[in-house]
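> Input: one structure, supplied below.
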Amino acid sequence: MEGIDVRIPRANDKVYKEECIYSFDTPESEDGLYVSLHSFYGVGKDWLDLHSRKTGENVYLNIKRRPKPKPIEEEQATDDPPPEKKPTRLAIGVEGGFTGGIEKVEYEEEYKLLVNSKPIPWPCPDLIVPPKVQESVSGILAAESASKQDQIAAWEEPMIVTRHAETLVQLPTDKKVPISGWKCERCDLTNNLWLNLTDGSILCGRRYYDAFLVHIDLI
């Protein structure tokens, strides 16, 4: 393995190991995904030659992912699933976030190296592999994918109790706030609505010429 240029992923490096940068190929595709050990970009098989010619990169980790078949006992199980934990973070599909009914599917992965277009099984105990290549592969496999990092960053937001909740007064009321179909109690407007957390009133933010929120100011 002489004359190859690989890097070890650092904490701030993005590893594109979930989808091809040119197409929709993923590790679940028939030929899997090829991740460069230098730029950490993932490319599908049909785009591999193009990427190698444009970048000069010649070492890739091929990742193939297939769903594990469910055991017969699990298929036949009739017990109710365990109750979901209460979310503690405003996020989806991450620890402490909302699951949203996401079915957990277990996968098994297989890997191989592609060095100068030559496939090499991975791990390859019969071949002396430079330590830097081993560390690069281990770093790619351990890294959070770039797409998942972006998804988490877009959705994740800590749930913080506002200081106003500590002194919020809630008056006794027989009002029931509907899940949908909200409208202003004063003018039947159905947009720009505000819910009064003190008495349960739903009013709009309609403005008049004096620029004051007439209906909201009434409460």
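> Considering amide H positions built from the backbone, and no H for Pro or chain starts, which residues 5 or more places from residue 189, or on another chain, come under 5 Å of its amide H?
Those lying under 5 Å, H to H, from residue 189 are 184.
> Exposure proxy check: 162, 55 ranked by fewest other beta carbons within 10 Å?
162, 55
> What ranking do 38, 51 get, fewest neighbouring Cβ atoms within 10 angstrom at the top?
38, 51
Coordinate-derived values only; no laboratory data. None of the values given here were measured: they were computed from a predicted structure. Note that we place each Cβ from the backbone using ideal geometry, even for glycine, and neighbour counts take in every protein chain shown.
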